[in-house]
Structures are given as C-alpha cells and as structure tokens.
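Trainee: Handing you a structure now.
Laboratory data are not the source of any read-out in this text; all were calculated from the coordinates shown. All of these numbers come straight from a predicted model, not from anything done at the bench. Here the Cβ positions follow ideal geometry from the backbone for every residue, glycine too, while neighbour counts run over all protein chains shown.
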C-alpha cells in the first residue's frame with residue numbers, strides 16, 4: 001500500500017486508556033466518549049514517549065515509514081503532546097487540527113467521522129455529518145476518518161461514499177504528510 005501512495009501513521013500502542021483518574025469530566029470523557037480507548041489522554045510524558053518509540057520501532061523493523069501520529073479518539077493529553085513534540089515525527093492530529101512538529105503551527109483540519117457502534121449512533125451520524133460538513137465547507141483542509149465497522153452497514157457505507165464524493169468535488173486529496181510538508185514554513 002505504501003508503494004501505491006498510501007500513508008501509514010502510528011495510532012497508539014494498545015488502544016486502551018485509563019478511565020478512573022482525574023475529575024468528573026475527565027473520567028466521563030475517558031470512559032464514555034472514547035469507550036475506554038483514549039490511550040494517550042492521561043499518559044505522562046515518559047509513558048507516552050515509551051509507547052511512541054515502541055510503535056515507531058515496529059514500523060522500522062518492518063521497513064515501513066512512519067511520519068505521523070493520530071491518537072485513539074484524537075485525545076492527546078499534556079504528556080502525549082510533549083512526547084509528540086520531541087518524537088521526531090513530522091506531525092500529529094487532533095480532532096480539529098493537523099499539528100506540525102516540532103513546535104510548528106496547528107493547521108485547521110476538522111475531521112468528519114461517523115459512529116457506527118449502535119443503530120442510534122448511525123442515525124445521529126447521518127444527521128450530524130452533513131451539518132458538520134456544511135459548517136466547514138470552506139475550510140481548506142477537511143479530513144475523513146472511517147473505521148472498518150462503518151462499512152459493515154450498507155446504508156452507512158453508501159452514505160459515507162456520497163459525503164466523501166461531495167467533499168472531493170472541489171478539493172485536492174492529500175496525505176497528512178503531503179499537507180504538512182506543503183504548509184511547513186520555508
């Protein structure tokens with residue numbers, strides 16, 4: 001896939017996050033928003049660094065490039081952000097930005113992503129995503145994030161392809177690394 005132009009990026013180490021630490025909002029976010037998958041939300045810098053290095057070592061051992069990072073649920077806590085800035089990666093993503101490393105700008109890049117875990121979530125996604133797309137129709141960078149489960153439901157798959165074709169109508173498709181390199185100050 002890399003040879004045909006696809007980009008790989010690191011997406012955590014375990015995809016499991018701690019859910020029993022912090023204040024009420026933090027615990028609710030860790031437990032319910034992420035379904036317990038916000039791995040990099042509550043890590044300190046040392047542990048985040050260890051996991052990022054372990055992931056990059058797996059890529060290197062396989063002879064695969066790894067230039068960026070997207071945390072599960074896009075939740076990069078303070079420790080993860082510090083580790084990412086020092087990681088040597090070209091970029092990392094948040095829910096609303098593409099962040100150039102080290103210390104580069106955060107480029108507006110909202111993400112459109114459905115939630116397909118339950119029928120009610122698929123219904124809400126079909127209402128929310130067109131609204132979110134319309135709100136960001138003039139944003140220069142717009143990202144789509146799909147999971148395999150999203151394509152397990154034919155009506156959801158058809159909906160996502162229609163939305164993607166609509167977004168691609170007047171945009172140029174790029175990888176994260178291409179967008180980061182294009183935006184990097186000279």
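Trainee: Using only alpha carbon pairs under 8 Å that are at least six residues apart, calculate the relative contact order of the chain and give it in whole percent.
Mentor: Dividing the mean separation by the residue count of the chain yields 17 percent.
Trainee: Arrange the peptides 54-63, 96-105, 112-121 so that the one whose residues have, on average, the most other Cβ atoms within 10 Å appears first.
Mentor: Result, highest mean first: 96-105, 112-121, 54-63.
Trainee: I'd like the distance between the alpha-carbon centres of the stretch 126-157 and the stretch 54-115, rounded to an integer number of Å.
Mentor: 21
Trainee: Only bridges whose two residues both fall in the chain count here: according to DSSP, what percent of them are antiparallel, nearest 5?
Mentor: 50
Trainee: Here are labelled values, [x] 20.8; [y] 18.4; [z] 17.6, and one is the computed Kirkwood radius over Cα pairs in Å for what I pasted. Which one?
Mentor: This structure yields the entry labelled [z].
Trainee: Based on the Cβ-Cβ distance from residue 44 to residue 168, what FRET efficiency comes out when R0 is 35 Å, to the nearest 0.05?
Mentor: The computed FRET efficiency comes out at 0.30.
Trainee: Order of 172-185, 72-85 by packing, highest average Cβ count within 10 Å first?
Mentor: 72-85, 172-185
Trainee: Write down the percent of antiparallel bridges among all DSSP beta bridges whose residues are both part of the stretch 88-173, to the nearest 5.
Mentor: Antiparallel: roughly 75 percent of the beta bridges in the stretch 88-173.
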